[in-house]
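Student: Dumping the structure here so I can ask a few things about it.
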Amino acid sequence: MKRLQIPIEYKTLKNGLGVVTAPDPAAPVVTLGVYYKIGFRLEPQGRSGFAHLFEHMMFQGSENAAKMQHIKLINSSGGVLNGSTMYDVTNYYEAVPSNALERVLWLEADRMRALKVDDENLKNQRDVVKEEVRVNVMNQPYGGFPWLDMPPVAFRNWANSHNFYGDFADLDAASLADVQSFFRTYYLPNNAVLLLLGDVTPEDGFAMAEKYFGGIPAGAPPPFADPTEPPQKEERRGHVKEKFGTLPAMAIGYVMPARRTPDWFAMAMLDQALHGGRAGRIHRELVLEKQVAVEADGGIDDIFGYNGPTQMSTRILHKPEYSSEQTLAAFDVVLREVREKGIAADELEEIKVKWRSDYYSTLEGGRGGYMPRYGLMHLLACFTLFDKEPGLVNSILDGFLSVTREDIQRVADKYLKPENRAIVFRTPVSKTVKEAA
Amino acid sequence: MASVVTAEYSNMVPALAPERAVTWPKRTKTRLANGIEVVLAESHSIPKFHGELYFRAGNALVSGRAPGLAEMTATVVRTGTAKRTSRQIEEDLRRLGADLGSSAGQDTSAISFAGLSEFAEPILELVNELARDAAFPEAEFERERRQKLEEVKLERTSPGFLAGERLRKVLFGAHPYGIVSPSEAQVAAYRREDLLETYREIYTPENALLLVVGDFESAAMLKSIERIFGSGQGKKPTAKGSAAPPRPQGRRVYLVHNPGSVQTQILAGVHAITRKHPDWVRLGLTNSLYGGAFNSRLVMNIREDKGYTYSPRSGVSPLRQYGYFTVSAAVRNDVVAASLTEMFYELDKVRSLPVPAVELTDAQNYVAGIFSMGLATQDGLLSQLSTVELNELPADYLETYREKVRSVTSEEMLATARKYFDSANMQIVVVGERGQIEEQARLFGPTEVFDAQGNKLE
């Protein structure tokens with residue numbers, strides 16, 4: 001077995017900014033990321049959707065780079081860029097020919113130092129974000145299902161249960177003062193990590209990081225709302241109308257154990273037994289064998305990228321001739337079997353091989369076709385911000401590969417019980433279907 | 001649109017360092033005795049490999065029998081062989097750390113695969129088995145056909161699908177490219193025998209192209225491939241003539257009424273060129289400047305200046321026989337006319353005025369830069385090689401592409417825009433709530449209205 005080892009170096013600048021390098025000169029391309037430890041889970045109450053709206057504002061102008069100069073300078077250097085808002089982190093990233101590295105560092109440092117935006121920018125991006133929500137959620141069949149539908153049913157703490165894309169009234173209420181205050185509170189070097197991957201040596205990378213970011217002052221450690229959930233004692237259910245789609249749908253989510261615990265590693269392997277594509281038990285049983293469902297898939301969303309309560313969830317679109325309860329019963333048969341019998345030894349071995357293979361692809365993997373090493377960047381950033389240990393990228397695989405059948409049986413019994421789950425039924429308005437009881 | 005870095009801080013922006021040369025890996029290219037073309041390239045980023053087994057025919061070839069037949073054939077290909085059941089295939093893939101997909105477009109059918117290098121041989125053996133000995137088990141076919149029935153109903157609820165479907169009908173008419181998906185009745189009428197016949201016709205060695213990229217040694221990989229894929233014979237299918245597509249003249253509007261829409265999907269298009277055409281690089285660059293990049297004029301205008309949309313873009317879709325140019329955006333219902341006006345304004349501007357030198361250089365740097373990103377990942381490189389081989393582009397295409405992009409002049413760009421950004425003959429599709437958008441849509445030309453099922457409405 002050939003194991004992939006990524007050469008990683010990690011330093012912290014005096015202002016608290018983490019810097020991680022992972023050189024690979026094979027192609028003259030650098031992947032650069034800046035991650036801030038703030039996501040939509042911890043955005044201010046009454047400002048749902050704000051963390052994401054704010055992410056858009058980071059492209060609207062900084063001290064020395066006016067609106068559009070950021071995008072323009074990177075595209076015209078032959079590079080691509082984007083940003084995304086997640087539960088616990090927000091990222092800004094670029095892939096550029098390596099001769100543009102200093103330029104990108106200058107731009108990222110400029111917007112870490114000072115944001116320079118006005119009311120017109122805010123109004124513009126508020127409009128853009130509303131169209132983003134419409135194109136991804138409100139005007140699409142099964143839009144936002146289940147990532148936006150599940151949290152209010154599954155969780156009780158506002159941090160975990162609110163609308164992460166934002167209620168339009170909250171987006172409208174967001175002011176320029178909110179933007180600047182959010183920036184001052186969370187967008188600090190001591191709440192961020194810089195990733196330099198690909199065609200840049202650690203020596204050059206650290207020197208340039210110091211040159212461009214070293215002078216940015218640290219700030220007070222940001223306050224974080226506590227995302228802890230009160231213990232769940234009963235199955236939770238919710239109903240959402242499906243405006244466009246033709247098939248009844250449901251999502252079933254089970255709360256996960258805390259990350260990097262033995263139970264968490266075992267749940268990740270169990271998840272593969274259940275959701276591992278066409279070989280996974282749920283797809284096999286519901287789609288291929290019983291043929292109750294048209295789609296049945298799921299998993300632990302972004303397993304390395306969250307730092308608070310989350311679920312393993314299954315998304316099912318089923319045939320209208322089966323009721324929701326019949327479909328759920330078919331799903332429960334699969335879950336009961338793993339709770340009672342665990343999984344087979346050869347099944348576990350197969351899953352481990354597939355996991356290792358998938359993990360390598362995650363590290364190499366791009367985003368949008370032109371973003372090499374997005375996955376490596378993401379994992380290094382999360383392991384640095386959550387654990388101060390980017391080297392986990394090389395060692396964490398062992399935790400998954402040493403899971404035993406007994407571990408699987410234990411976590412199946414412990415976590416896959418009805419009182420640990422929430423179910424959302426998304427029911428088409430246009431068709432007559434048998435409703436869930 | 002101001003497009004130069006303004007003077008007061010241009011001296012603060014770090015200059016670009018000297019460029020490092022882009023070196024494309026050596027390709028090993030050969031043809032097996034039975035006709036299969038093989039192209040290999042090494043890429044050692046991770047201990048895996050990625051590949052495609054293409055057959056140079058797809059839905060268009062068999063459209064006379066039924067639309068989407070090659071795609072249905074590809075779907076059922078993975079569900080059983082003479083030696084393995086569907087479940088065995090899926091479990092074997094998992095055991096080998098492999099992913100596999102089988103699919104078909106208008107012009108190709110493909111088995112895509114990726115896996116750990118240590119299991120390269122058994123994975124390739126499975127791929128060959130699917131290509132040679134698929135069994136089309138009756139029960140598997142029946143299940144996939146019923147699945148497909150639900151899928152074709154469901155896709156009619158997606159604004160993007162409805163827009164694309166209508167535009168293709170308008171641009172291609174009775175040509176096979178005019179149909180992007182079968183109807184429910186057509187899926188219901190699929191027979192297992194049709195799939196078998198399609199399989200025998202398309203999946204032949206002489207029609208095959210095998211591309212593999214990844215962490216292996218090329219000579220050894222070639223030996224394995226010769227052993228695994230070398231047996232079997234089979235001719236290329238005979239190409240069939242098809243109706244010439246119409247070339248619609250004059251702007252016309254096609255409104256697809258999608259009740260309940262809270263946004264309007266705009267998609268406008270016109271005939272353009274294929275990848276093989278000598279103007280391809282120039283058109284790609286011109287498109288990038290117009291709406292093919294974040295930094296493009298269209299995005300600056302209707303997103304960053306006016307806030308009409310999140311998702312504006314333009315592109316050239318090259319099918320094998322024909323290509324077409326499109327511009328699209330999902331916009332707020334009350335700015336449908338305003339958005340179309342800006343789309344055409346920017347198109348006509350590229351047709352009317354030479355592009356300033358700085359903006360041309362910026363676009364050239366962008367297109368040349370992102371082209372080499374493909375080097376950094378195995379599947380990125382695979383996709384570049386696929387483009388070259390499927391379109392039978394020159395052997396030095398990857399090596400000379402950037403140079404070609406950088407040699408385009410402002411005059412050539414103007415000529416290219418005049419030739420292909422044929423704004424007077426663009427066909428405009430809008431998908432949305434009729435009551436809110438029809439009046440705006442009618443401003444842009446004679447208008448026909450359809451429902452989501454494709455029926456014409458009064």
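The values are calculated or read from the model by the stated rules, or taken from the named source; none is laboratory data. Just so we're clear, the structure is a prediction, and the values are computed from it rather than from any experiment. A quick note on method: Cβ atoms are made from the backbone with ideal geometry, for glycine too, and the neighbour counts reach across all protein chains shown. To get the accessible areas, we keep the full protein, side chains included, count just its heavy atoms, and leave off ligands, DNA and RNA. Shrake-Rupley method; radii C 1.70, N 1.55, O 1.52, S 1.80 Å.
Student: Can you quote the Å³ per residue value for the convex hull of the Cα atoms in the stretch A:182-231, rounded to an integer?
Tutor: Residue-normalised Cα hull volume stands at 124 Å³.
Student: Convex hull volume of the Cα atoms in the stretch B:243-306, per residue, in Å³? Write out the running numbers ahead of the final one.
Tutor: On the way: hull volume 9.9 nm³, N = 64.
Normalising the Cα hull of the stretch B:243-306 by residue number yields 154 Å³.
Student: Moving on. Over 25 Å between C-alpha atoms is what I'm after, so list which of A:LYS2/A:LYS388; A:LYS37/A:LYS241; A:LYS290/B:LYS153; A:LYS67/B:LYS349; B:LYS276/B:LYS419; A:LYS130/B:LYS306 land there. If you can, show how the numbers build up before the last one.
Tutor: Working: A:LYS2/A:LYS388 27 Å; A:LYS37/A:LYS241 34 Å; A:LYS290/B:LYS153 21 Å; A:LYS67/B:LYS349 23 Å; B:LYS276/B:LYS419 17 Å; A:LYS130/B:LYS306 13 Å.
Flagged as over cut-off: A:LYS2/A:LYS388; A:LYS37/A:LYS241.
Student: Right, next: I'd like the antiparallel share, as a percent to the nearest 5, of DSSP beta bridges with both residues in the protein assembly as shown. Write down the numbers at each step before the final one.
Tutor: Details: 97 of 127 bridges.
Of those bridges, close to 75 percent are antiparallel.
Student: How well do other chains shield peptide B:361-373, expressed as the mean number of their Cβ atoms within 10 Å of each residue Cβ?
Tutor: Details: counts 1, 6, 2, 2, 7, 8, 2, 2, 14, 11, 2, 6, 14.
Taking all residues of B:361-373 together, the mean is 6.
Student: A follow-up question, please. Modelling each spin label as a point 7 Å along the Cα-to-Cβ direction, I'd like the B:LYS83/A:ALA218 distance in nm, to one decimal.
Tutor: Each label point is offset 7 Å from its Cα along the Cβ direction, giving 6.3 nm.
Student: Can you list the residues of the stretch A:5-46 that have at least 30 square angstrom less accessible area with all protein chains present than in their chain by itself, probe 1.4 Å?
Tutor: Listed in order, they are A:ALA27, A:PRO28, A:VAL29.
Student: A follow-up question, please. Each label point is 7 Å from the Cα along the Cα-to-Cβ direction; what then is the distance between the points at B:ALA188 and B:ASP396, in nm?
Tutor: Roughly 5.9 nm, to one decimal.
Student: Could you give the accessible area per residue of the stretch A:288-437, probe 1.4 Å, as a whole number in Å²?
Tutor: Details: 5610 Å² over 150 residues.
Accessible area per residue: 37 Å².
Student: Also, I was wondering about something else. With unit charges on the beta carbons (Lys and Arg positive, Asp and Glu negative) and the dipole taken about the Cα centre of chain B, which residue among B:TYR290, B:ASN455, B:GLY435 sits farthest to the positive side?
Tutor: Of the listed residues, the answer is B:ASN455.
Student: Still on this structure, I have one more. Using the Cα atoms of chain B, I'd like the radius of gyration and the largest Cα-Cα distance, Dmax, both in angstrom.
Tutor: Reported Rg and Dmax, both Å: 23.9, 72.
Student: Give the Debye-formula value of log10 I(q)/I(0) at each listed q (0.07, 0.10 Å⁻¹), with one equal scatterer per alpha carbon of chain A, two decimals each.
Tutor: Debye output, listed in q order: -0.37, -0.76.
Student: Then there is this: State the three equivalent ellipsoid semi-axes of the stretch B:338-458, derived from the C-alpha gyration tensor as the square roots of 5 times its eigenvalues, in descending order and whole Å.
Tutor: Rounded to whole Å, the semi-axes are 37, 22, 13.
Student: Provide the FRET efficiency to the nearest 0.05 for the B:GLU411-B:ARG247 pair, computing r from the beta carbons and using R0 = 25 Å. Present the calculation step by step, with values, prior to reporting the outcome.
Tutor: Details: r = 26 Å, r/R0 = 1.06.
According to the calculation, E is roughly 0.40.
Student: Same structure, new question: What is the Cα coordinate range of the protein assembly as shown on the first, second and third principal axes, sorted by size from largest, in whole angstrom?
Tutor: Its Cα atoms span 71, 68, 62 Å along the three principal axes.
Student: Give me the 1.4 Å probe accessible area per residue for the stretch A:32-158, excluding ligands and nucleic acids, in Å².
Tutor: Result: 24 Å² per residue.
Student: Using Cα atoms only, what is the angle between the long axis of helix A:176-186 and the major principal axis of chain A, expressed in degrees (0 to 90) to the nearest 10?
Tutor: The helix A:176-186 is inclined about 90 degrees to chain A.
Student: While we're on this one: Ranked from highest to lowest mean number of other Cβ atoms within 10 Å per residue, what is the order of the peptides B:248-260, A:129-141? Could you put the intermediate results ahead of the total?
Tutor: Values: B:248-260: 18.2, A:129-141: 21.6.
Per-residue Cβ counts within 10 Å, averaged per peptide and sorted highest first, yield A:129-141, B:248-260.
Student: Moving on to the next point. How large is the Rg to Rh ratio of the stretch A:121-181 when both quantities use alpha carbon positions and Rh follows Kirkwood?
Tutor: Working: Rg = 13.1 Å, Rh = 12.8 Å.
Across the stretch A:121-181, the Cα-based Rg/Rh ratio is 1.02.
Student: Same structure again: Okay, helix-only estimate at 222 nm for chain A: each DSSP H run of n ≥ 4 adds -39500 (n - 2.57), divide by all residues, round to 500 deg cm²/dmol; what do you get? Intermediate results must be reported in sequence, preceding the final value.
Tutor: Numbers: 15 runs with 168 residues, N = 437.
Helices in chain A give a 222 nm mean residue ellipticity of -11500 deg cm²/dmol.
Student: Between B:ALA174 and B:GLU206, what length in nm is gained on full extension when 0.36 nm per residue of separation is reduced by their alpha carbon distance?
Tutor: On the way: separation 32, 0.36 × 32 = 11.52 nm, distance 2.89 nm.
Separation in residues times 0.36 nm, less the Cα-Cα distance, equals 8.6 nm.
Student: Normalised by the residues of chain A, what does the relative contact order come to in percent, with Cα pairs under 8 Å and at least six apart?
Tutor: 22
Student: Okay, next question. Measure nothing fancy, just the Cα-based angle from helix A:202-213's long axis to the longest principal axis of chain A, in degrees from 0 to 90, nearest 10.
Tutor: Taking the Cα atoms of chain A, the angle to A:202-213 is about 70 degrees.
Student: Stretch B:GLN453-B:SER224 to full length: gain in nm at 0.36 nm per residue minus the Cα-Cα span? Display every interim value, and only then the final one.
Tutor: On the way: separation 229, 0.36 × 229 = 82.44 nm, distance 4.94 nm.
Contour length minus Cα-Cα distance gives 77.5 nm.
Student: Return the distance in nm (one decimal) between the two label points of a simple spin-label model at B:LYS419 and A:GLU321, each offset 7 Å from Cα along Cα→Cβ.
Tutor: About 5.6 nm separates the two model spin labels.
Student: Just counting partner chain Cβ atoms within 10 Å, what average do the residues of peptide B:87-96 show around their Cβ?
Tutor: Taking the mean over all residues of the peptide, I get 6.
Student: Which of the trypsin sites (Lys or Arg not before Pro) found in the stretch B:109-199 are loop residues per DSSP with 14 or fewer other Cβ atoms within 10 Å of their Cβ?
Tutor: Hits after loop and neighbour filter: B:ARG191.
Student: What is the list of residues in the stretch A:200-221 whose amide nitrogen lies under 11 Å from a point 7 angstrom out from the Cα of B:ARG20, following Cα to Cβ?
Tutor: So the set is A:200-202.
Student: Are there chymotrypsin sites (Phe, Trp or Tyr not before Pro) in the stretch A:94-169 that DSSP marks as loop and that have at most 15 other Cβ atoms within 10 Å, and which are they? Before the final figure, lay out the partial values.
Tutor: Values: sites: A:TRP106, A:TYR142, A:TRP147, A:PHE155, A:TRP158, A:PHE164, A:TYR165, A:PHE168; in loops: A:TYR142, A:TRP147, A:PHE155, A:PHE164, A:TYR165.
Filter output for the stretch A:94-169: A:TRP147.
Student: Let me ask you something else. Per-residue accessible area for B:LEU347 at 1.4 Å probe radius, Å² rounded to 10?
Tutor: Roughly 0 Å² of B:LEU347 is accessible to a 1.4 Å probe.
Student: If we sort A:266-276, A:14-24 on the protection proxy, mean other Cβ atoms within 10 Å, highest first, what's the order? Working shown, then result.
Tutor: On the way: A:266-276: 24.6, A:14-24: 20.7.
Most protected by this proxy first, the peptides run A:266-276, A:14-24.
Student: Place the peptides B:379-388, A:228-237, A:308-317 in order of packing, highest mean first, counting for every residue the other Cβ atoms within 10 Å and averaging per peptide.
Tutor: Details: B:379-388: 21.1, A:228-237: 12.6, A:308-317: 24.2.
Result, highest mean Cβ count within 10 Å first: A:308-317, B:379-388, A:228-237.
Student: How large is the charge dipole for the stretch B:279-410, taken about the Cα centre, if only the Cβ atoms of Lys, Arg (+1) and Asp, Glu (-1) carry charge, to the nearest 20 debye? Before the final figure, lay out each step's value.
Tutor: Numbers: 12 positive and 15 negative charges, 53 e Å.
Using only the charged Cβ atoms, the result is roughly 260 debye.
Student: Quantify how strongly other chains surround peptide B:152-160 by giving the mean number of their Cβ atoms within 10 Å of each of its Cβ atoms.
Tutor: Per residue, the number of nearby Cβ atoms from other chains is 5 on average.
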